[in-house]
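Here the structure is laid out as C-alpha cells; the discussion comes afterwards.
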Amino acid sequence: MRILLLSTADTDLLAARASGADYRLANPARVAADAVPALLDGVDLAVVRLLGGRQAWPDGLAGVLGSGVPTVVLGGESVPDAQLMAASTVPSGVATEALGYLVEGGPENLAQLARFLSDTVLLTGEGFAPPTP
C-alpha cells in the first residue's frame, strides 16, 4: 500500500521518509496543481496537511479530492481544522486519529499512521499502535 503524503510541514515529510513505510512525499507549497495526477499515480490513499487552510493550495487540493483516491485532509496546526477535515473523503474519526500521529511526529508515529490508514480505510488487517509522545 502506497500513501501520498502532501504536507507543508517538512518535519512530517522527513519523519515519513525515515519511517520505512511506503510513502510518496511532497510539499504542496512546492507543487503545482498540474503535478497532482503524476503524484497520485499508483497510490492507494492520500494525506494532505496544509498550514494556512484550504486557500494555501486550492487547485491542488481540488485535484486530489477529485481523483477518487481516499483522502485525509488536515490542517497544519496541532488542533483540528474543522473546515479542512470536513473535506476529507474518509470518516471524520479517521481524520481526527490521523492528525494525532502527525502531531506527535517522528518516524515511528508515521510508520504507525501508514498501518492505521491501511487498516481503517483499506481494511488490510495489518494492525497498528496508537500515537506515542
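The values are calculated or read from the model by the stated rules, or taken from the named source; none is laboratory data. Keep in mind it's a predicted model, so treat the numbers as computed, not measured. Positions of Cβ are generated from backbone atoms using ideal geometry, with glycine treated the same way; all protein chains shown enter the neighbour counts. Note: areas computed on protein heavy atoms with side chains; ligands, DNA, RNA excluded. Shrake-Rupley method; radii C 1.70, N 1.55, O 1.52, S 1.80 Å.
Could you say which residue among L113, L102, L84 is within 21 Å of P130 (Cβ to Cβ), part of a helix (DSSP H, G or I) and touching a Lys or Arg at 6+ places or on another chain (Cβ under 7 Å)? None of the other options fit; the residue is L102.
Does T89 qualify as being free of Cβ contacts under 8 Å to residues at least 40 places away in the same chain, open to solvent by 60 Å² or more (accessible area, probe 1.4 Å) and either touching a strand residue (DSSP E or B) at 6+ places or on another chain (Cβ under 9 Å) or of a type in the set (D, E) (or both)? For T89, the condition - free of Cβ contacts under 8 Å to residues at least 40 places away in the same chain, open to solvent by 60 Å² or more (accessible area, probe 1.4 Å) and either touching a strand residue (DSSP E or B) at 6+ places or on another chain (Cβ under 9 Å) or of a type in the set (D, E) (or both) - is met. Given the criterion open to solvent by less than 40 Å² (accessible area, probe 1.4 Å), on the phi < 0 side of the Ramachandran plot and in a loop (DSSP other than H, G, I, E, B), identify the matching residue among V69, V94, V121. Answer to the check: V69. Residues in region 28-48 that are open to solvent by less than 10 Å² (accessible area, probe 1.4 Å) and either out of contact with any Gly (no Cβ under 7 Å at 6 or more places or on another chain) or within 23 Å of E77 (Cα to Cα) (or both): P28, L45, A46, V47, V48.
Restricting attention to region 59-93, the residues being in contact with a Pro (Cβ under 7 Å, 6 or more places away or on another chain) and either modelled with pLDDT under 95 or of a type in the set (A, V, I, L, M) (or both) number 1. Taking (1) open to solvent by less than 70 Å² (accessible area, probe 1.4 Å); (2) in contact with a helix residue (DSSP H, G or I) (Cβ under 6 Å, 6 or more places away or on another chain) in turn, M1 satisfies each apart from (1). Every listed requirement among (1) within 15 Å of L6 (Cα to Cα); (2) of a type outside the set (S, T, Y); (3) crowded, with 22+ Cβ neighbours inside 10 Å is met by G76 save one, (3).
From the list L14, L51, pick out the single residue that is surrounded by 14 or more Cβ atoms within 10 Å (Cβ to Cβ), within 14 Å of the chain's Cα centre (by Cα), at pLDDT below 95 and over 21 Å from G68 (Cα atoms). L51 is the lone residue from the list that is surrounded by 14 or more Cβ atoms within 10 Å (Cβ to Cβ), within 14 Å of the chain's Cα centre (by Cα), at pLDDT below 95 and over 21 Å from G68 (Cα atoms).
For region 75-133, what are the residues that are over 13 Å from the mean Cα position of the chain (by Cα) and among the hydroxyl-bearing types (S, T, Y)? Residues satisfying the conditions are S78, S92, T120, T124, T132. In region 96-117, the residues that are modelled with pLDDT of 95 or more form Cβ pairs under 8 Å with partners that are among the acidic types (D, E), at six or more places apart or across chains, as follows: L102/D12; G105/D12; L110/D12; A114/D22; R115/E126; F116/E97.
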